[in-house]
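Let me begin by presenting the structure, written as structure tokens, before commenting on it.
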Amino acid sequence: MRWKVLVDPASRKLDEIFSAEDRARLHDLVDVVWERETPIPDEELAQQAGELNAIVTGRWHHGALERMPNLRAILEVGGRHPSPKLLDYDTCFRRGIRVLSCAPAFGPMVAEMALGMALACSRQIVDGHNAFVAGTERYLHAGNETTFSLFDQPVGLIGYGGLARALRPLLAPFRCPLQVFDPWLPERYLLGQGVQPVSLDHLLSTSRVIFVLAIPSAENRALLDRARLALIRPDAVLVVISRSHLVDFDALMELLYQQRFRAAIDVFPQEPSAADHPIRRAPGVVLSAHRAGSVGRDLRAIGRMVVDDLEAMTRGLPPMAMQVAQPEIVYRLE
């Protein structure tokens, strides 16, 4: 029997995440319900709930799982597993409902942006451009007195999940020694990955470039508080690319205005940032408006992963493309 699948992407546009080919594959594979960019009304959902086998959604707003006795999978297309405040994971794990995230689709494009922002900051590309436009450029060695090359520099990765694993091969040509702080991973695993596990304080005080890559959890809110940010070397670059949740932003502003170190930032506590937010005028900073994971063509990987995993599951096989929710992790998410 063909699966009945609710396609309710909410914050995502259908043509943004599905190529024409993958959308055709989807319709050939399952019976599609709703398939609109506006969230399905609850009265419409109530009529379909009892027959649904899977839900493709940008955010969980579908209520109690008890009214979905045939549900087998939830495939999120927003970028991270639904918060346990919204989705009943106890029921999902008890009933064997797969909860899948499209997060792996973002790894390559966010990692590319992280590397680009690190290079822009370390080589002061933006400052150099602005100086040239203003007619105050400095040529050759004089223009590089405060820049540095990434080659052979010690790099610290805060978090070693999918994003860090996508970034590691991009850093390989630069021969950077990589040290990692990730309390969720065993030391032997990290050593097997070719990275050096270290304490957070050691990473902050010894790395020339620091990438903030961890997913937000109840345990790491403002992990980089003022005391820890003060450990960063004065010649270092901090790249905030995963979530601002991990950083005490007020403390970061204070230290940036003191020119204690440089930073590249793609994510902010409130988005859009206020027009008068002090980050807009902070010295030595490269800024991006949460653009790291929103590259048009590459977002189509989301739809491809959704259809690939639906195909596997309808054949009685495990999903392989998307990230499977693990009980040891999801209850810690915020």
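What to note about this one:
- Sites matching trypsin sites (Lys or Arg not before Pro) across the stretch 261-334 that sit in DSSP coil, with at most 10 neighbouring C-beta atoms within 10 Å: Arg315
- Projected label points at Trp184 and Phe132, each 7 Å from Cα along the beta carbon direction, are separated by 4.1 nanometres.
- Each principal axis of the Cα cloud of the stretch 221-314 was evaluated for its coordinate range; sorted largest first, these ranges are 56, 27, 22 Å.
- Cα convex hull of the stretch 136-279, projected area averaged across orientations, nm²: 10.0
- Spin-label model, Ala172/Arg281: points 7 Å from Cα along the beta carbon direction are separated by 4.6 nm.
- Part-to-part distance (alpha-carbon centres) for the stretch 203-262 and the stretch 62-78, which is given in Å: 37
- MRE, 222 nm, helices only [DSSP H, n ≥ 4, -39500 (n - 2.57), over the chain, to nearest 500]: -10000 deg cm²/dmol
- Each Lys or Arg adds one and each Asp or Glu subtracts one; over the other residues with Cβ under 12 Å from the Cβ of Ala236, this totals +3.
- Distance between modelled label sites at Gln270 and Met253, nm, 7 Å Cα→Cβ extension: 1.0
- The local environment of Ala251, defined by Cβ-Cβ distances under 10 Å, has a net charge of -2 under the rule Lys, Arg +1 and Asp, Glu -1.
- Summarising the amide proton neighbourhood of Gln196: residues at separation of 5 or more, or on other chains, whose placed amide H is nearer than 5 Å comprise Leu178, Gln179, Val180.
- Principal-axis analysis of the Cα atoms of the chain puts helix 296-314 at an angle of about 40° to the longest axis.
- Signed unit charges on C-beta, dipole axis of the stretch 228-334, positive-most listed residue Gln326, Leu310, Val267: Val267
- For the chain, the spread of Cα coordinates along the three principal axes comes to 70, 45, 35 Å, biggest extent given first.
- Backbone HN-Hα couplings from phi across the stretch 92-104 [Karplus 6.51/-1.76/1.60, Hz, Gly and Pro as x]: 4, 5, 5, 8, x, 7, 6, 10, 10, 10, 7, 3, x
- For the stretch 216-222, 3J(HN,Hα) per residue [Karplus equation, 6.51 cos²θ - 1.76 cosθ + 1.60, θ = phi - 60°, Hz, x = Gly/Pro]: x, 9, 5, 8, 10, 4, 6
- Axis angle, to the nearest 10 degrees, between helix 20-29 and the longest C-alpha principal axis of the chain: 30 degrees.
Values in this text are rule-based calculations from the coordinates and carry no lab data. Computed from a predicted model, the values in this text were never measured in an experiment. Counting neighbours? That spans all protein chains shown, and the Cβs are built from the backbone with ideal geometry, glycine included.
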